[in-house]
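These notes are about the structure you will find just below.
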Amino acid sequence: MNRRDFLINSILAIGGSYVLSGCDEKPVRQVTSNQGGNMKVLMINGSSHEKGCTFTALSEVAKELNKEGIETEIIQLGTAAYRDCIGCGACRKLNGRCVFDDDIVNKIIEKAESSDGFVFGSPVYYAHPSGRLLSVLDRAFYAGGKAFAFKPAAAVVSARRAGTVASIDVINKYFTINKMPVVSSSYWNEVHGSTAEDVLQDKEGVQTMHNLGKNMAYMLKALAQAKQQGLTWQELETGNRTNFIR
Ligand SMILES: Cc1cc2nc3c(=O)[nH]c(=O)nc-3n(C[C@H](O)[C@H](O)[C@H](O)COP(=O)(O)O)c2cc1C
């Protein structure tokens, strides 16, 4: 048995008891708006501020989606601590779930399975998305990428001043390696400010969020119609995994 398999088997053998003993899960609050639609967009707020700038931006996207009859849910990552992916590979034996079952990640994967689209929001920290969002997304996509694949998604960021497009690029990379159409707006998906009130005064930012909601609604409806008419995604080629070490 190689070192990697030994690690996976050891983690599986302890049934997560070590993992659970390290649990510091804070309650996760969710905001749901259901206007009776049967499509759903799952949003993640990567900020610790539950009613801060990122939340305000996501809420403006949600308003437009709700107007179109599309349900939205905002998952708040809040102030809890999140582990990074440790690359153990146990998720391959766990049917698309992360071996660390003591935080929100597996719940996000479960919710992703029944969602039709995604918006991931983050404050900009030193010109990148928050570490907590990246830790959660690394694990959610490595373990449960299938739950997100082929579903439209967008990144939204909030900054006082700079680092927005670099942060958007980082989040978009989860989508573009995972067969997900990226939804755009009338500007890059950013708002500016230090408080929720600042964001609401960023009229162009708010407009960009509204237009993102409109475009996401259109994309979801177009995909639903295509499916109704029997148009399905192409089966993709697999099997080639280049090893550059020769
Ligand atoms: C650790 C840290 C790093 C930050 N780095 C940046 C930055 O690089 N650029 C910027 O414009 N704002 C930066 N900010 C400010 C936040 O991005 C900004 O206030 C954001 O709108 C807060 O969103 P929130 O209320 O959703 O947390 C930083 C804030 C913190 C706490």
So which residues in the stretch 207-223 are crowded, with 19+ Cβ neighbours inside 10 Å and either touching a helix residue (DSSP H, G or I) at 6+ places or on another chain (Cβ under 7 Å) or at pLDDT below 95 (or both)? M209, L212, G213, M216, A217
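Give the stretch 161-180 a look and list any residue that's within 26 Å of G69 (Cα to Cα) and surrounded by 16 or more Cβ atoms within 10 Å (Cβ to Cβ), or say none.
Passing the criteria: N172, F175, M180.
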Within the stretch 114-146, residues being more than 14 Å from the ligand (Cβ to nearest atom), surrounded by fewer than 21 Cβ atoms within 10 Å (Cβ to Cβ) and free of Cβ contacts under 8 Å to residues at least 60 places away in the same chain number 5
Checked pairs for the stretch 70-97, first over 19 Å from L42 (Cα atoms), second among the hydroxyl-bearing types (S, T, Y), C-beta under 7 Å and 6 or more apart or across chains, list as T79/S48; Y82/S135; R83/S135; D84/S135; C85/Y142; C91/Y142
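Would you mind listing the strands (runs of 3 or more DSSP E) fully within the stretch 20-94 where at least 3 residues are away from the ligand (no atom under 16 Å from the Cβ) and modelled with pLDDT under 95? Don't jump to the end; show me each part of the working.
On the way: elements: 30-33, 40-45, 71-76.
It comes to 30-33.
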In the stretch 158-197, how many are in a helix (DSSP H, G or I) and either within 13 Å of the ligand (Cβ to nearest atom) or out of contact with any Leu (no Cβ under 6 Å at 6 or more places or on another chain) (or both)? 14
Any pair with Cβ under 9 angstrom, 6 or more apart, that starts in the stretch 155-167 at a residue that is in contact (Cβ under 8 Å) with a residue 60 or more places away in the chain and of a type outside the set (S, T, N, Q) and ends at one that is near the ligand (Cβ under 6 Å from one of its atoms) and assigned to a loop (DSSP other than H, G, I, E, B): V157/G163
Here is a check on your reading of the model: is E190 under 28 Å from R139 (Cβ atoms), among the acidic types (D, E) and within 22 Å of the chain's Cα centre (by Cα)? yes
Being more than 8 Å from the ligand (Cβ to nearest atom) and in contact with a strand residue (DSSP E or B) (Cβ under 6 Å, 6 or more places away or on another chain) is the filter here, so list the residues in the stretch 198-211 that pass it. D202, G205
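The values are calculated or read from the model by the stated rules, or taken from the named source; none is laboratory data. Since the model is a prediction, treat every value here as computed from it, not as a measurement. When we count neighbours, we look across all protein chains shown, and the Cβ atoms used for this are built from the backbone with ideal geometry, even at glycine.
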